[in-house]
Structure formats: C-alpha cells, structure tokens
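Here's the structure, in structure tokens; my notes come after.
The values are calculated or read from the model by the stated rules, or taken from the named source; none is laboratory data. Nothing here was measured: the structure is a model prediction, and the numbers come from that model. A quick note on method: Cβ atoms are made from the backbone with ideal geometry, for glycine too, and the neighbour counts reach across all protein chains shown.
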Amino acid sequence: MKPVYSVFVSNAADGDIGAYRFDTENGTLEPEARYVAGDGVAPLALSRDSGTLYAATRGDRPSIVTYALDTHSGALKQRGVAHIDSKLVHLCVDASGHYLLGASYHENRATLYDAASVAEGDARALQTADGIEHAHAAVFTGDGRFAYVSSLGGDAVFCFAMHNGRMERTGVAKVDANFGPRHLQFSPNEDTLYVVSEFRATVAAFARNAESGALIGPRMSAPAHALAHLKHGCVRSGFAPGRPADIDDLASRVWGADIQITPDGRFVYVSERTSSQLIAYRVRSDRALAYVGATPTESEPRGFAIDPSGCFLVVCGGKSAHVSAYAVATETGSLHLISRTECGKGANWVQMVERPRGR
C-alpha cells in the first residue's frame, strides 16, 4: 500500500495552518482542520522525529508558535507562543531538536534560539548574526556541525560552525552579482548545497567539504526555457525599505521562490511566482543541472514539499484558493496533477508527515 500523509499549509492572510489528509493510494488530498497561528504566519519547520511543528508569524507581534504533532492522527496542539524581535522569513530546526535558526530579511540577520525555551514562551535569542544583507533562508547539516544562511542582498551564502549553541562564522561563499540567493537545500548526502535565485529561478550548486563545512564552486544551471519571455528579477521595494524605487514592470520579471530535491537526489524543482510554474532540473554527475521542463501550477507558487518516497509533490500559491498534489514521474521528473482542494488565503509554506493508514 502507498503511504498516507498529513499535509500542513500556512495561510498568511488568514493567520492559520490548514491540515490535510493526502492518501497517495487513491490520490486524494482532503481538508481536515484549521489551526490558529497568528497574523502573517509563514515559515513552518518540522522536527526530525516529526513530533513538533514550529510556525513563525510576521504580524505586529512576530512570534514562533510551537505545536505538538500527533503523527497518528495529524492533529496539532499548541504548546506555546514566544514573541520575538524579528519577522522571520525562514525557520529551521536542527536534527537534535535543541536549536532553531531563523532568517530575518528586514533586520539583515540570523537568530539562534533554544527550541525548548521557545516552546515555553521564552523568546530570548542564544545568538544573533548580524550583517547578513536580506537574510532569506537557513539550514543545518544533519550532524548539526554547520549551518548556512543565504544573503539575497549580498549575493552570498554565510557559513557557520556550530559549537554548543554558538555560531562561529567560518566563511562566505559568493555567487554572481544580482543572482539573489533565496532558499537552500542539501543533496541527500549533503555533499552539495543548492541555492535558488530569486531573480533568475536558476540554481547554484556548491560542493561542500563535510569536514570543514566550506562551500566550493558553484556550478550554475542554465536558464529555464519556460522563463525566456521574462526579464531578470530585482529587489522589490515593498520588501526592502531603502532599496530601489518601485518598478512598474514586475509582471515581466522572474520571481523565484522555493527549491526542493527528490530523496534520490536526481531532480531539483524550483517554484517561480511570476509565471506560476514549477521548474524541473535533472542533476548530472558533475553536479551541474540540466533543464527538464516546467509545469503550470497554483498562482504565485511560494512553498511546496516532496514526500519521502519522491513520488509526490504538494504545492500552494500565495494568490490561489487551492492547494495541489502531483505525481512525480521518477524517471523523467515530469509532474502530473492528481488532486486539488481548497486552502486558505495567502498560502505559502508546506510540510508533509507520514501517518498510519486508516487514520
């Protein structure tokens, strides 16, 4: 039998998290519940044991909300709300479950928190790393020894060594000017760090030294043919105070968002919001990415997730009233729509957790 998943989607405009049951045997994605989070809820982070879900809100009182997740039923129970100083655009939890690392675009920093304290409502930071221009995403390595933070405004990825709840900056890896590094994902064995460009929807592939944490390269993917009609993107003034004035042709500019990798490491997918497409790349043996194709999807697709089998993908759109599930052709990387259902307003982040069949 194919797996059943609990799917969670954050709805920024509604201030809640939508929960769904996704039965991959019959291809049905069905709404189950809505859980209050807070105004502007966006990033979701899942503990490695899937027992805890964290959500960051970006309203007048930004916060990190902690939920206990019943992996059998998919039900969420709020444990605590910690009001924080930063509006986080990305949040991750390390493999031990001890630490949370958030990226703050407007404050130009990354902040490290104690996860247990956050769950009890204590928002005091263990450490802040400032000077990361338009910090946009953060990831821990599986062994917890290193962390990486993208700098969209600095065209760089900052590298940190982790030591007992402290971050030590060990290097800065650069990409081409006006690349706009946004989200980050590791290859399955973590020997490669993939970085998606917000301004081009292309991908930079850095080789990673597992011992030192250093990033080498990168190898750059070719532009997607499906985006040939669009100009390169830019920093959007509504998202970056003090940066260039409003540009009147944003509808003709690339606006990349999320990046996900299949568990076998063969395919990389990128969401592009202007054209509302999912872009697929095949990973070659030299780490370079070959363009495969594009699939039209929900309006302004921001976040999406691939299941642990690599056979299914779920995506939401910031300007769509629906969330969609696709079957992934594991040999070609092509996507085939199998289910679509209603979601909340401003949907922007997706997490998936396997659960027992019959629940």
(request) Out of Arg236, Arg243, Arg266, report the one residue that is at pLDDT below 95, among the basic types (Lys, Arg) and surrounded by 14 or more Cβ atoms within 10 Å (Cβ to Cβ). (result) Arg236
(request) Look at the range 40-69 and say how many of its residues are over 17 Å from the mean Cα position of the chain (by Cα) and surrounded by fewer than 16 Cβ atoms within 10 Å (Cβ to Cβ). (result) 6
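Which members of the range 155-200 meet the condition of being among the small types (Gly, Ala, Ser) and either out of contact with any Pro (no Cβ under 8 Å at 6 or more places or on another chain) or not in a strand (DSSP E or B) (or both)?
We begin by selecting, within the range 155-200, every residue among the small types (Gly, Ala, Ser); these are 156, 161, 165, 171, 173, 177, 180, 187, 197.
Within the range 155-200, Ala161, Gly165, Gly171, Ala177, Gly180, Ser187 qualify.
Take Ala347 and decide whether it is farther than 18 Å from Thr262 by Cα, of a type in the set (A, V, I, L, M), surrounded by fewer than 17 Cβ atoms within 10 Å (Cβ to Cβ) and touching a strand residue (DSSP E or B) at 6+ places or on another chain (Cβ under 8 Å).
On the way: farther than 18 Å from Thr262 by Cα: yes; of a type in the set (A, V, I, L, M): yes; surrounded by fewer than 17 Cβ atoms within 10 Å (Cβ to Cβ): no; touching a strand residue (DSSP E or B) at 6+ places or on another chain (Cβ under 8 Å): yes.
Against the criterion (farther than 18 Å from Thr262 by Cα, of a type in the set (A, V, I, L, M), surrounded by fewer than 17 Cβ atoms within 10 Å (Cβ to Cβ) and touching a strand residue (DSSP E or B) at 6+ places or on another chain (Cβ under 8 Å)), Ala347 does not qualify.
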(message) Consider the range 305-342. How many of its residues are without any contact (Cβ under 8 Å) to a residue 40 or more places away in the chain, touching a Cys at 6+ places or on another chain (Cβ under 7 Å) and not in a strand (DSSP E or B)?
(response) 1
(message) Could you tell me how many of the residues in the range 283-300 are outside any loop (DSSP other than H, G, I, E, B) and either out of contact with any Lys or Arg (no Cβ under 8 Å at 6 or more places or on another chain) or hydroxyl-bearing (Ser, Thr, Tyr) (or both)?
(response) 5
(request) Could you tell me whether Leu100 is crowded, with 16+ Cβ neighbours inside 10 Å, of a type in the set (A, V, I, L, M), touching a helix residue (DSSP H, G or I) at 6+ places or on another chain (Cβ under 6 Å) and under 17 Å from Val65 (Cβ atoms)? (result) yes
(request) Could you tell me which numbered condition Leu69 fails, if it satisfies all but one of (1) under 20 Å from Phe160 (Cβ atoms); (2) in contact (Cβ under 8 Å) with a residue 60 or more places away in the chain; (3) aliphatic (A, V, I, L, M)? (result) (1)
(message) Conditions first: (1) more than 22 Å from Pro181 (Cα to Cα); (2) in contact (Cβ under 8 Å) with a residue 24 or more places away in the chain; (3) basic (Lys, Arg). Arg302 passes all but one, so which condition is the exception?
(response) (1)
(message) Quick check on the range 115-169: of everything there that is surrounded by fewer than 19 Cβ atoms within 10 Å (Cβ to Cβ) and touching a Leu at 6+ places or on another chain (Cβ under 6 Å), which residue is modelled with the lowest pLDDT?
(response) Gly165
(request) Kindly provide the set of residues from the range 1-24 that are surrounded by fewer than 16 Cβ atoms within 10 Å (Cβ to Cβ) and either at pLDDT 95 or above or within 26 Å of Gly59 (Cα to Cα) (or both), ordered by number. (result) Ala13
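Is it true that Gly102 is within 19 Å of His183 (Cα to Cα) and either in contact with a strand residue (DSSP E or B) (Cβ under 8 Å, 6 or more places away or on another chain) or in a helix (DSSP H, G or I) (or both)? Break it down into steps so the answer makes sense when it comes.
Working: within 19 Å of His183 (Cα to Cα): yes; either in contact with a strand residue (DSSP E or B) (Cβ under 8 Å, 6 or more places away or on another chain) or in a helix (DSSP H, G or I) (or both): yes.
Yes, satisfied.
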